[in-house]
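Colleague: Quick one: the structure is below, questions incoming.
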Amino acid sequence: MSRRFLPLASIVFLISGCSETPTRIDRAEIPAPTTEALRLVFPFDSYVLSDSETHVTYEAGDVLMRTCMRQQGHDWKIVRTPKGFTDWRNRLHYGLIEPGVAARFGYHVPSDLQAPPEVREVLAKIKTRQSALTKDEAQAAQKCRKAADGQLTRNAKAPFARFNDFKSKTYDEAQREPVVRRAMAAWSACMRDKNFSYPTPIAAGEDSAWWAKDIREASGKEIATAKADVACKKKTGLVARWFDTERSLEQETIRSNQEYFTKLKAANDRYLENARRVLRSSE
């Protein structure tokens, strides 16, 4: 399982109509994250919309869509969205860190593991609505979505791709820092003691043995490896050292690029305020 970042709250994605959702609705029950997983909050997180804030933009887009669709002679059902719930976005930032998840899924974690139930419920409703549209409705919706996009993004543009670059850079740089390299070495030694040979947790998650085309779920060996992975992370303090290092690198990146991050936050704030204004006007 390679390192994944939750899709960033880029303006274009959030109001693009959600014909494809960022998560898949799995039948497997998704366990709530542990306290350790929820503690993974990074400085960069302040510069993207939270899942709860994203829901505000979903609903605002629906309000605008309803007006436009009615003008086109079509109905549009608004998906009402809950707000104020906890983000799970960094749960897999360092791969597996929760014993229960490792024991149940191995490295074949459900795609919804980073999505709280509120997110999964809303995205399922949006997907269901999208799939029920007729051809004429879908064409009208595409035009109305473009108009809604323009209204919600007014004065709220920023180069979000650069943020992704910064995120990847600090993640990679953290692994090269001596304190993290020592912890990685200790993790690898711990794994060898358990008869598993991997240089890093990333290598363990990406072992080709787990990802053959006909494999759909974790084998017993994969589960055993995943459990050892998590146990060795805890024993060596790898996650804490890695997190502290990456957090410091993000803080330094923000200080060194203050103008960019200020503009980024301003764009998100404006986008969110545009959405909230739409919702207030519809009450």
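Colleague: Suppose the filter is hydroxyl-bearing (Ser, Thr, Tyr) and closer than 20 Å to Ser46 by Cβ; does Ser248 pass it? Please lay out each step first, then the result.
Modeller: Values: hydroxyl-bearing (Ser, Thr, Tyr): yes; closer than 20 Å to Ser46 by Cβ: yes.
Here the answer is yes, as Ser248 does meet what is asked.
Colleague: Ok, one more. Starting from the stretch 114-133, keep only residues that are surrounded by 16 or more Cβ atoms within 10 Å (Cβ to Cβ), then list their pairs with residues that are among the β-branched types (Val, Ile, Thr) and assigned to a helix (DSSP H, G or I) whose Cβ atoms are within a distance under 9 Å, requiring at least 6 positions of separation or different chains.
Modeller: Val119/Thr54
Colleague: Only residues in the stretch 137-149 that are within 20 Å of Ala275 (Cβ to Cβ) count as the first member; pair them with residues that are exposed (fewer than 15 other Cβ atoms within 10 Å of the Cβ) and among the aliphatic types (A, V, I, L, M), Cβ under 8 angstrom, at least 6 apart or cross-chain, and list the lot.
Modeller: So the pair list comes out as Asp149/Val12.
Residues are listed down the side, and each one gets a yes or a no for (1) surrounded by 14 or more Cβ atoms within 10 Å (Cβ to Cβ); (2) under 30 Å from Thr57 (Cβ atoms); (3) at pLDDT 95 or above:
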{"residue": "Ala189", "(1), (2), (3)": "no, no, yes"}
{"residue": "Arg192", "(1), (2), (3)": "no, no, yes"}
{"residue": "Ser197", "(1), (2), (3)": "no, no, yes"}
{"residue": "Thr200", "(1), (2), (3)": "yes, no, yes"}
{"residue": "Ala203", "(1), (2), (3)": "no, no, yes"}
{"residue": "Asp244", "(1), (2), (3)": "yes, no, yes"}
{"residue": "Arg277", "(1), (2), (3)": "no, yes, yes"}
{"residue": "Glu283", "(1), (2), (3)": "no, yes, no"}
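Colleague: Which helices (runs of 4 or more DSSP H) does the stretch 200-261 wholly contain that include 1 or more residues that are in contact (Cβ under 8 Å) with a residue 60 or more places away in the chain and touching a Gly at 6+ places or on another chain (Cβ under 6 Å)? Please lay out each step first, then the result.
Modeller: Working: elements: 201-205, 220-236, 238-256.
So the answer is 201-205, 220-236.
Colleague: Any idea which of (1) at pLDDT below 95; (2) in a helix (DSSP H, G or I) is the one Gln139 doesn't satisfy?
Modeller: With (1) at pLDDT below 95; (2) in a helix (DSSP H, G or I) applied to Gln139, the lone miss is (1).
Colleague: Shifting gears a bit: Return yes or no: is Ala138 buried (at least 18 other Cβ atoms within 10 Å of the Cβ) and either on the phi > 0 side of the Ramachandran plot or out of contact with any strand residue (DSSP E or B) (no Cβ under 8 Å at 6 or more places or on another chain) (or both)? If you could, list the steps in order and put the result at the bottom.
Modeller: Values: buried (at least 18 other Cβ atoms within 10 Å of the Cβ): no; either on the phi > 0 side of the Ramachandran plot or out of contact with any strand residue (DSSP E or B) (no Cβ under 8 Å at 6 or more places or on another chain) (or both): yes.
No, not satisfied.
Colleague: Go through the residues of the stretch 219-241 one by one and say whether even a single one is within 30 Å of Ala60 (Cβ to Cβ) and surrounded by 14 or more Cβ atoms within 10 Å (Cβ to Cβ).
Modeller: Going residue by residue through the stretch 219-241, those that are within 30 Å of Ala60 (Cβ to Cβ) are none.
Scanning the stretch 219-241, I find no residue that is within 30 Å of Ala60 (Cβ to Cβ) and surrounded by 14 or more Cβ atoms within 10 Å (Cβ to Cβ), so the answer is no.
Colleague: Going by what's in this entry, would Leu14 be described as modelled with pLDDT under 95, closer than 29 Å to Asp172 by Cβ and crowded, with 18+ Cβ neighbours inside 10 Å?
Modeller: For Leu14, the condition - modelled with pLDDT under 95, closer than 29 Å to Asp172 by Cβ and crowded, with 18+ Cβ neighbours inside 10 Å - is met.
Colleague: Would you confirm whether any residue within the stretch 70-87 is touching a Leu at 6+ places or on another chain (Cβ under 8 Å), hydrophobic (A, V, I, L, M, F, W, C) and either surrounded by fewer than 20 Cβ atoms within 10 Å (Cβ to Cβ) or under 30 Å from Ala147 (Cα atoms) (or both)?
Modeller: If we filter the stretch 70-87 for residues that are touching a Leu at 6+ places or on another chain (Cβ under 8 Å), which is where we start, we get 86.
In the following step, the residues that additionally are hydrophobic (A, V, I, L, M, F, W, C) were identified as none.
There is no residue in the stretch 70-87 that is touching a Leu at 6+ places or on another chain (Cβ under 8 Å), hydrophobic (A, V, I, L, M, F, W, C) and either surrounded by fewer than 20 Cβ atoms within 10 Å (Cβ to Cβ) or under 30 Å from Ala147 (Cα atoms) (or both).
Colleague: Sticking with this structure for a sec: Against the conditions (1) free of Cβ contacts under 8 Å to residues at least 24 places away in the same chain; (2) under 30 Å from Thr57 (Cβ atoms), where does Ala266 fall short? Just the number, please.
Modeller: (1)
The values are calculated or read from the model by the stated rules, or taken from the named source; none is laboratory data. From a predicted model like this one, the values you see are computed outputs, not experimental measurements. Glycine also receives a Cβ, built like all others from the backbone with ideal geometry; neighbour counts cover every protein chain displayed.
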